[in-house]
């Protein structure tokens, strides 16, 4: 079981615009022609921040068009939030707040040996990193720049560096980098 951060980022290191839009991403490629289908098959539980969850609620029509339901995951999902949020119909969601460590343990138990996906945002992933729980970063870098926005990973990681394990070109607009997170770096 690995704890993974799988995300797309702009060339200048942003996962969303300042107003939390992902519209920049969709023209760059097709998820079915990426590593996503194989990746999600091996995921047993997910965690995301409230901003990511709220984006999914705001864009439910696009999600329904893409996957046929307002919630795209069959796995249990933990949403970190300090606010009361509505539950998306059909979603196996648990709203939590606070320390990521006990949530990580609950996710591991629910995942039944499969991987844990920290969907984002970047600060939530940083909390898993700070707690020594992040094993791998899978970054799909798009051929756009946003100038400013929500950082892909708002942490300094200087030494030891992340260990690059693979590079894969995805069409003419995306590249995927996989990094192993050295435990001594956390």
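Read the figures in this text as sums done on the coordinates, not as results from a lab. The shown structure was predicted, so the numbers you read here are calculated from the model rather than taken from an experiment. Glycine also receives a Cβ, built like all others from the backbone with ideal geometry; neighbour counts cover every protein chain displayed.
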What order do you get for 59-71, 91-103 when each peptide is scored by the mean count of other beta carbon atoms within 10 Å, highest first? 91-103, 59-71
Quickly work out the residue 131-to-residue 69 label distance, labels modelled 7 Å from Cα along the C-beta direction, and quote it in nm with one decimal. 2.7
Pairs of Cα atoms under 8 Å, at least six residues apart: use those to get the relative contact order of the chain, whole percent. 34
May I ask you to list the residues of the range 1-33 whose amide nitrogen lies under 14 Å from a point 7 Å from Cα along the Cα→beta-carbon direction of residue 172? 28-29
Report, for the chain, the % of DSSP beta bridges that are antiparallel, rounded to 5. 40
(1) 1, 7, 15, 18, 19, 15, 10, 6, 4, 3, 1, 0, 0; (2) 1, 7, 12, 15, 16, 15, 13, 10, 6, 3, 2, 0, 0; (3) 1, 8, 16, 21, 23, 19, 10, 3, 0: which one is P(r) over Cα pairs in 5 Å bins from 0, in percent as calculated from this entry? (3)
Per the C-alpha gyration tensor (a ≥ b ≥ c, the square roots of its eigenvalues), the range 141-186 is rounded if a/c is under 1.5, else prolate if a/b beats b/c, else oblate; here it's oblate
Part-to-part distance (alpha-carbon centres) for the range 86-115 and the range 124-186, which is given in Å: 22
Once both labels are modelled 7 Å past Cα along the beta-carbon direction, what's the residue 33-residue 157 spacing in nm? 2.9
With a 10 Å radius around each residue's Cβ, average the other Cβ atoms per peptide and rank 38-46, 115-123, 16-24, highest first. 115-123, 38-46, 16-24
Multiply the residue gap between residue 95 and residue 42 by 0.36 nm, knock off their C-alpha separation, and tell me the result in nm, one decimal place. 16.8 nm
